[in-house]
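> I have a structure here, written as structure tokens, and I will follow up with some questions on it.
The values are calculated or read from the model by the stated rules, or taken from the named source; none is laboratory data. This is a predicted model, so every value here is computed, not measured. Glycine gets a Cβ as well: all are built from the backbone with ideal geometry, and neighbour counts include every protein chain shown.
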Amino acid sequence: MVYWVYQLICRTRQSSKSYLKFQTFNNPKIFNIFIIKKMNLLFYLSGEHPTLPKSELVGVLEGEGIDYMLEYEKDRLLILNADVEEIGFLRRLAMTRSVSKFIAIHAGALLPSVSDLRSATGDDLEEVASQVHAGGKISEFKTFAVRCKCLDDNDSMAVEKELGGRIKELSGLGVDLTAPDVTVQCFSDNEYFVGIKIDVPGENFEGRKPQHRPYFHPTSMHPKIARVLVNLARVKAGDRILDPFCGTGGILIEAGLIGVKVIGLDIDGRMVSGAKKNLGFYGISGDVRAGNALEIYKKFQQMDAVVTDLPYGRSSFIPDPDLKRFCSKFIVSAYNALKKEGYLILVLPTEHKPDFSEFIAVERHDLYIHKTLTRRIRVLRKV
Ligand SMILES: C[S@@+](CC[C@H](N)C(=O)[O-])C[C@H]1O[C@@H](n2cnc3c(N)ncnc32)[C@H](O)[C@@H]1O
């Protein structure tokens, strides 16, 4: 039966994607016995921004050329069916909290409350445990731990204890809470999502904050945001990114660290030498030079992406008091420097609305900084 459901989904995926998704994910009877056999990844996204985490993930998948299909989405939980041969790309993500190899959703009746859970017969968790045992290939390990994040009223520790006990009974594995061979990741959000946690080495964004670099200037943005901008640009290792207002090199550092070739330009010579120092500090070799962003197309063409945080005259200098005119000129310059289908990622305060009609506007995200400043990130594609 499981195999039949799976085959049915594969065969009809192209023709009736959404209908089937609805059927599968909204019918507990089907879903309770549905264990996906292919590489399905369960993402738990960061809650620090309402739209950026998912867009960043999509940007990385598209940049890496990974075919994927969104199978299911519930707030910060996403299940993707992806053709992934290796998972190193997961490390690029700045706004994903955890990734697991998805096993199952249990969409049956849930634990009504913690006290019920403690005395429950635990039919639901019994089923979840048997799905983990059957679909998680955990028997090849010696020890395991269950980690649960409850996004509903359930109690994480109670679920971990109950589910852990049942998996232990079924598998005979030992429980090791400090250094388990395998971690079963569970999310409770009015239904259970379970998977096998993938160890993704964490990036030290805090450690790379502007004040920790050899050359500091307060206009540089947080490295996490800089990484997200790079990821929104759909680039992969070996591609070329240009930041024509590079300042101290914050965006270039995040691009260079994932193997992207970086080119930076700044009109201010002090910034150019500062950015060179900063890149060197992280072992990144890049082409950083003095120049005017309004003329990049004269020296650079066929760039894979242009990613930049524009000066807007508050704490960084702009040579033209008419910011709209300045930005619009820059956008034409960037258009001519990009390859077809290349991305321009722009950051500007929300009140500035330059003309970017030559581009396809893919999306935009607003970042509240303080009472008088909200930055808008625009994702634009050259056609
Ligand atoms: C907001 S800052 C960029 C901050 C940068 N993302 C960082 O990590 O430091 C803008 C930069 O644009 C530079 N700039 C201003 N006008 C320029 C122009 N016409 N061409 C190139 N750079 C320019 C300024 O010198 C400043 O360093």
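> Do we have any residue at all in the range 309-325 that's within 12 Å of the ligand (Cβ to nearest atom), within 24 Å of Arg91 (Cα to Cα) and either surrounded by fewer than 21 Cβ atoms within 10 Å (Cβ to Cβ) or within 25 Å of the chain's Cα centre (by Cα) (or both)?
yes
> In this structure, is Gly172 assigned by TED's automatic domain parsing to the domain that holds Ile105 and within 24 Å of Leu80 (Cβ to Cβ)?
no
> Within the range 300-308, is there a residue that is of a type outside the set (A, V, I, L, M, F, W, C) and either over 24 Å from Gly249 (Cβ atoms) or in the same structural domain as His49 (by TED's automatic domain parsing) (or both)?
For the range 300-308, residues of a type outside the set (A, V, I, L, M, F, W, C) and either over 24 Å from Gly249 (Cβ atoms) or in the same structural domain as His49 (by TED's automatic domain parsing) (or both): absent.
> Turning to a different aspect of this structure: Can you list the strands (runs of 3 or more DSSP E) lying wholly within the range 238-309 that have 2 or more residues being touching a residue at least 40 places away in the same chain (Cβ under 8 Å)?
Correct list: 240-243, 303-309.
> Look through the range 223-244, keep the residues that are closer than 13 Å to Leu344 by Cα and either within 13 Å of the ligand (Cβ to nearest atom) or at pLDDT below 95 (or both), and return whichever of them is surrounded by the fewest Cβ atoms within 10 Å (Cβ to Cβ).
So, considering only residues that are closer than 13 Å to Leu344 by Cα and either within 13 Å of the ligand (Cβ to nearest atom) or at pLDDT below 95 (or both), the one surrounded by the fewest Cβ atoms within 10 Å (Cβ to Cβ) is Pro244.
> I need every pair where a residue in the range 310-332 that is in the same structural domain as Leu265 (by TED's automatic domain parsing) and within 10 Å of Leu294 (Cβ to Cβ) has its Cβ under 6 Å from the Cβ of a residue that is at pLDDT 70 or above and assigned to a helix (DSSP H, G or I), sequence separation at least 6 or different chains.
Going by the 6 Å Cβ cut-off, the qualifying pairs are Asp320/Phe326; Lys329/Leu294; Phe330/Ala293; Phe330/Leu294.
> Run down Lys353, Lys382 and say which single residue is more than 30 Å from Arg213 (Cα to Cα), at pLDDT 95 or above and more than 15 Å from the ligand (Cβ to nearest atom).
Lys382
> Quick one: which residue in Ile263, Ile253 is under 25 Å from Gln302 (Cα atoms), surrounded by 21 or more Cβ atoms within 10 Å (Cβ to Cβ) and away from the ligand (no atom under 12 Å from the Cβ)?
One residue alone meets the criteria, Ile263.
> Any idea which of (1) modelled with pLDDT under 95; (2) loosely packed, with under 14 Cβ neighbours inside 10 Å is the one Ile360 doesn't satisfy?
Condition (1) is where Ile360 drops out.
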